[in-house]
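The values are calculated or read from the model by the stated rules, or taken from the named source; none is laboratory data. Worth saying up front: this structure is predicted, and the values here are computed from it rather than measured. Counting neighbours? That spans all protein chains shown, and the Cβs are built from the backbone with ideal geometry, glycine included. When the accessible area is computed, the model is the full protein with side chains, heavy atoms only, and any ligands, DNA or RNA have been set aside. Shrake-Rupley method; radii C 1.70, N 1.55, O 1.52, S 1.80 Å.
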Amino acid sequence: MWEDSIPKRRIGTLAPLSATENSAYEFYRIAPKDVMCIYLPVGLKKFSAADVERVFEPIDELIETLLDRDVDIIVQSGVPLPILIGVKAHDRLMEHIAKKSGLPVSSSVTAVVDAAKHLGIKNIALADKWSDQMNSVLGEFFGRKGIKVAGVCSDSMTPDKFLKMNTQNGMDLAYELGSRAIKEYPACDGLYVGGDAWLVLPVVEYLEKEFGLPCISNQDAVLWDCLHKIDYWKPTHVSNRLLAGD
């Protein structure tokens, strides 16, 4: 009787901050109507390796909570967390989640890198709110798939600062950094606009049309990656290359 209203797939997300706002809004704007996202906040407060270790200390409890919600895949959401602890620590965390849960796993950073690889990007420009050190580690993740970083345009902020930014200002900043990155690094063949805390997907769509280059954000990359991993991929109505393709 309720078949058309019941979710067919459930994505379990370890959300980085203490509250989920723009990422949830964007998810339901682009996801198939029968896919649900369960957000479990881990409560990151600082951009530091120590705080990342703190929020993932109860990882088994977090996994069990998502398993209780009958999820089909578990996602470690938020690029800052793995780029604060490094590639090896990220890989160990993902291996542990997969082993403990028995489910497919994904992370924002690996989804973004795999999406860039899928789109044929070889020299990517970055636009985000992270420090030089964090972007350097992000470059290591891209480098594992043979993708070079053409350059970075960043306005480094702490979580407490960017969470106070209103939606309009966040979108304006995302556009400013993204367009500047493409212009300042003309050798780039794609753009990544990083961050879940701001409303960025409409900006990515606009930049892609304006400059004719593939542009990626966390939200589209993670959805694309997760739906492929749980064999539920469907091209969407959203007009960016990643979500409109295969």
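Side notes on the structure shown:
- Computed FRET value (nearest 0.05) for GLU184 with SER156, which takes r as the C-beta separation and R₀ as 22 Å: 0.85
- Computed [θ] at 222 nm, helices only, for the chain once each DSSP H run of length n ≥ 4 contributes -39500 (n - 2.57): -14000 deg cm²/dmol
- Along principal axes, Cα extents of the chain, largest first, whole Å: 51, 43, 36
- With 29 Å as the limit on Cα-Cα distance, the pairs of LYS45/LYS117; LYS33/LYS117; LYS122/LYS161; LYS46/LYS234 that go past it are LYS45/LYS117; LYS122/LYS161; LYS46/LYS234.
- Shape category assigned to region 79-202 from the gyration tensor of Cα positions, a/c cut at 1.5: oblate
- Contour excess over end-to-end distance, with Cα ends at GLU57 and ASP231 and 0.36 nm allotted per residue: 59.6 nm
- Length-normalised contact order for the chain - Cα pairs under 8 Å, 6+ apart - percent: 20 percent
- Whole-Å semi-axes of the ellipsoid equivalent to region 1-68 (Cα gyration tensor, √5λ, descending): 28, 15, 7
- Per residue, the accessible area of region 195-246 comes to 37 Å², computed with a 1.4 Å probe over protein heavy atoms only.
- A cut-off of 5 Å between modelled amide H atoms, ignoring neighbours fewer than 5 places along the same chain, links SER107 with GLN76.
- The residues of region 16-85 expose, per residue, 47 Å² of accessible area to a 1.4 Å probe.
- Overall, the accessible surface of the chain at a probe of 1.4 angstrom is composed of carbon and sulfur to the extent of 51 percent.
- ASP132-HIS96 pseudo-label distance in nm [points 7 Å out on the Cα-to-Cβ vector]: 3.2 nm
- Full extension of the segment from VAL87 to LYS209, taken as 0.36 nm per residue of separation minus the current Cα-Cα distance, would add 40.7 nm.
- Compared with the direct C-alpha span, the chain from LEU67 to ALA50 gains 3.5 nm at full extension, assuming 0.36 nm per residue.
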